[in-house]
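No value in this document is a laboratory result; all are computed from the given coordinates. Given the structure is predicted, the values throughout are model-derived calculations rather than measurements. Note that each Cβ is placed from the backbone with ideal geometry, even for glycine, and that neighbours are counted across all protein chains shown.
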Amino acid sequence: EVAMGRSTKFTVSLGVMPDYAFTGTGVRIEGTSQGKLGERIGLKASDILLQLGDYKLIDVMSYMQALSKFKKGDTTILIINRGKEQLQFNIEF
């Protein structure tokens, strides 16, 4: 028997706290964890994560699946919406 959520193994993280109440497309974040990647690249509360590498982020589930495709040391792009602008970050896990 596999515990819930055990099937997706993460070796990388953005260090963000998803807003599970958000019902739009993408993953809105409530904030970042101190010293983690999200904070280091300047993500802010209420940013909406739209795409990670080739993976479109529809919801928290697709975000987790996208994260599981990367490993430590991988570089990729992260596309977000902040207010009315779309921003792109080059990130390294």
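Counting every alpha-carbon pair across the range 45-92, the share separated by more than 14 Å comes to 49%. What residues from the range 18-37 fall in the zone where the backbone N is under 13 Å from a label point 7 Å along the Cα-to-C-beta line of S46? Residues passing the 13 Å test: 29-31.
Of the residues L43, G15, F93, the one whose Cα sits farthest toward the positive end of the charge dipole of the chain, with +1 on the Cβ of Lys and Arg and -1 on the Cβ of Asp and Glu, is F93. The equivalent ellipsoid that matches the C-alpha gyration tensor of the chain spans semi-axes of 20, 16, 13 angstrom, in descending order.
If the only charges are +1 at each Lys and Arg Cβ and -1 at each Asp and Glu Cβ, what is the size of the charge dipole of the chain around the Cα centre, to the nearest 20 debye? Mind dumping the intermediate values first?
Working: 12 positive and 10 negative charges, 29 e Å.
Computed charge dipole of the chain: roughly 140 debye.
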